[in-house]
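**Q** Please see the structure below; I have some questions.
Just so it is clear, none of the values below were taken in a lab; they were calculated from the coordinates. If you're wondering where the values come from, they're calculated on a predicted model, not measured in any experiment. Methodologically, a virtual Cβ is constructed for each residue, glycine included, from the backbone with ideal geometry; neighbour enumeration extends over all protein chains shown.
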Amino acid sequence: MCKNNDYILDEEAKEKIHLYFELQTSAKDENFANGRLVRNLYDDLVMNHARRVINTANPDRAELSTIKAEDFTFTIDENENS
């Protein structure tokens, strides 16, 4: 989805997203939907990115197209499944 819309993810964002998906899929219930999970996360990342970039004076092309870890606002409890 990111690539199709000219966004790239920085490495820290990729790590957070990967962990988020692992935790979500391990805790899934009968109402779990992969597509909905991915789409909701993507929409939130794009919105958070826009909120961050709007406050940047003269953002360059990289800033406008890079989703960073700070755009990922979900809380990840790494001990949740322990």
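**Q** Relative contact order of the chain, please, whole-number percent, based on alpha carbon pairs below 8 angstrom and at least 6 residues apart.
**A** Dividing the mean separation by the residue count of the chain yields 52 percent.
**Q** For region 1-71, run through the GluC sites (Glu not before Pro) and keep only the ones in DSSP coil with at most 12 other Cβ atoms within 10 Å of their Cβ.
**A** 30
**Q** Of all trypsin sites (Lys or Arg not before Pro) in the chain, which ones are in loop regions per DSSP and have a Cβ with at most 12 other Cβ atoms within 10 Å?
**A** Loop-located and lightly packed - 28.
**Q** So for the pair residue 44, residue 21, with labels modelled 7 Å out along Cα→Cβ, what separation do we get in nm?
**A** 1.5 nm
**Q** Provide the per-residue ³J(HN,Hα) series for region 12-23, in order, calculated from phi with Karplus coefficients 6.51, -1.76, 1.60 and θ = phi - 60°, each as a whole number of Hz, with x at glycine and proline positions.
**A** Once rounded to whole Hz, the list reads 5, 5, 4, 5, 5, 5, 4, 4, 4, 5, 4, 5.
**Q** Check residue 8: other-chain or 5+ apart residues with amide H under 5 Å from its amide H, H built from backbone geometry?
**A** 66, 67
**Q** Of the listed values (1) 1.29; (2) 1.02; (3) 0.97, identify the label whose number matches Rg/Rh (Cα atoms, Kirkwood Rh) calculated from this model.
**A** Among (1) 1.29; (2) 1.02; (3) 0.97, the one derived from this structure is (2).
**Q** Quick one: among 43, 29, 71, which has the greatest mean-square fluctuation in a GNM of the chain with alpha-carbon springs under 10 angstrom?
**A** 29
**Q** Ok, one more. Residue by residue through region 36-53, which ³J(HN,Hα) values in whole Hz follow from phi under the Karplus form 6.51 cos²θ - 1.76 cosθ + 1.60 (θ = phi - 60°), with glycine and proline marked x?
**A** My calculation for region 36-53 gives 5, 4, 5, 5, 5, 5, 4, 4, 5, 4, 5, 5, 5, 4, 4, 5, 6, 5 Hz in order.
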